[in-house]
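Peer 1: Take this structure, written in structure tokens, and hold onto it; I'll ask about it next.
The values are calculated or read from the model by the stated rules, or taken from the named source; none is laboratory data. All figures in this text were calculated on a predicted structure; none of them were measured in a lab. Here Cβ is always computed from backbone atoms with ideal geometry, including for glycine, and neighbour counts include all displayed protein chains. Heads up: the accessible areas ignore ligands, DNA and RNA and are worked out on the full protein's heavy atoms, side chains in. Shrake-Rupley method; radii C 1.70, N 1.55, O 1.52, S 1.80 Å.
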Amino acid sequence: MTVYRITISSWTSSFRYPNIISGYQPTLLVPPISTVLGLLNACSGRYLEYKGFSLGYYFYYAAKSTDLETIYQVEINDKGIPKNQVKSNIINREFLYDCKLVIYLTDIKYVEYFRKPVFSILLGRSNDLASVDKIEKIDLKEITCANKIRGQVVPFVGNYLPGTLQALPTYYTNTIPRNNIGTEAYSVISYDASDFSTNLTAYRDNIDGREVDIYFHKLNFEDGD
């Protein structure tokens, strides 16, 4: 299969667990689909609908650690308006260092957004600034019963792959407040996972000398549903 491979890098990344609001903040080891789609929206400068859209990606990093972070908490009154009182707090936040995100797209229309991004590209939070390193057109070999699935998230139901099981949104609405779209259970599989057997059809790539089977998500959001 012929695809476009976009390589993105950042010094740091942190992907919050959706159900952890306060206290120690661990990071997911792979960004959710919603993060990758948000990154593409930032490049395009607008909200995209993603109808009949195919997306594959692979994420890896050099190290993981924890840092102290100062946050500022703002109270909201009964009318939903922020009060003039701000309280600071210190939390421990886990982060990933020396990160690479490799995105695979089949439609050249979306690839063009990465050549001249409209907004900043972030791999996680506002201080996780990223850059586009390379855009390539390549051919990937189809693999049945893929056994090198790693550095990715894969829907759990129907596949039942090993990894960290986590409920994650696939996308968000273009409303205020934003609402989750397509939340479901995913297997979050780290880049350093060992080979394991699956019934999946994927497409094999070689990244930094290591073979990886890329799973493609088929996305179709109709009018925000």
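Peer 1: When the stretch 156-179 is examined, which residues are found to be assigned to a strand (DSSP E or B) and free of Cβ contacts under 8 Å to residues at least 40 places away in the same chain?
Peer 2: Selection gives 165 alone.
Peer 1: For residue 21, which of the numbered conditions (1) free of Cβ contacts under 8 Å to residues at least 60 places away in the same chain; (2) open to solvent by less than 10 Å² (accessible area, probe 1.4 Å) fails to hold?
Peer 2: (2)
Peer 1: Condition check: at pLDDT below 95, surrounded by 10 or more Cβ atoms within 10 Å (Cβ to Cβ) and farther than 23 Å from residue 34 by Cβ. Does residue 69 satisfy that?
Peer 2: no
Peer 1: For the stretch 193-205, which residues satisfy the criterion of being in contact (Cβ under 8 Å) with a residue 12 or more places away in the chain and not in a strand (DSSP E or B)?
Peer 2: 193, 195, 196, 197, 198, 199, 200, 201
Peer 1: Among the residues of the stretch 180-192, write down those that are in a loop (DSSP other than H, G, I, E, B) and surrounded by 17 or more Cβ atoms within 10 Å (Cβ to Cβ).
Peer 2: 190, 191 - these are the residues of the stretch 180-192 that are in a loop (DSSP other than H, G, I, E, B) and surrounded by 17 or more Cβ atoms within 10 Å (Cβ to Cβ).
Peer 1: Okay, next question. Quick one: would you say residue 34 is surrounded by 10 or more Cβ atoms within 10 Å (Cβ to Cβ), out of contact with any strand residue (DSSP E or B) (no Cβ under 6 Å at 6 or more places or on another chain) and at pLDDT 85 or above?
Peer 2: no
Peer 1: Are any residues in the stretch 112-126 open to solvent by 40 Å² or more (accessible area, probe 1.4 Å) and in contact (Cβ under 8 Å) with a residue 40 or more places away in the chain, and if so, which ones?
Peer 2: Of everything in the stretch 112-126, those that are open to solvent by 40 Å² or more (accessible area, probe 1.4 Å) and in contact (Cβ under 8 Å) with a residue 40 or more places away in the chain turn out to be 113, 117, 118, 119, 120, 122, 125.
Peer 1: Just give me the residues in the stretch 127-144 being open to solvent by 80 Å² or more (accessible area, probe 1.4 Å), in contact with a Ser or Thr (Cβ under 9 Å, 6 or more places away or on another chain) and either at pLDDT 95 or above or assigned to a strand (DSSP E or B) (or both), in sequence order.
Peer 2: Within the stretch 127-144, 129, 134, 137, 139, 142, 144 qualify.
Peer 1: I'd like to know if the stretch 76-93 contains one or more residues that are over 23 Å from residue 215 (Cβ atoms) and within 20 Å of the chain's Cα centre (by Cα).
Peer 2: Yes - at least one qualifying residue is present in the stretch 76-93.
Peer 1: Quick check on the stretch 89-111. Is at least one of its residues open to solvent by 70 Å² or more (accessible area, probe 1.4 Å) and touching a Pro at 6+ places or on another chain (Cβ under 7 Å)?
Peer 2: No: the stretch 89-111 contains no residue that is open to solvent by 70 Å² or more (accessible area, probe 1.4 Å) and touching a Pro at 6+ places or on another chain (Cβ under 7 Å).
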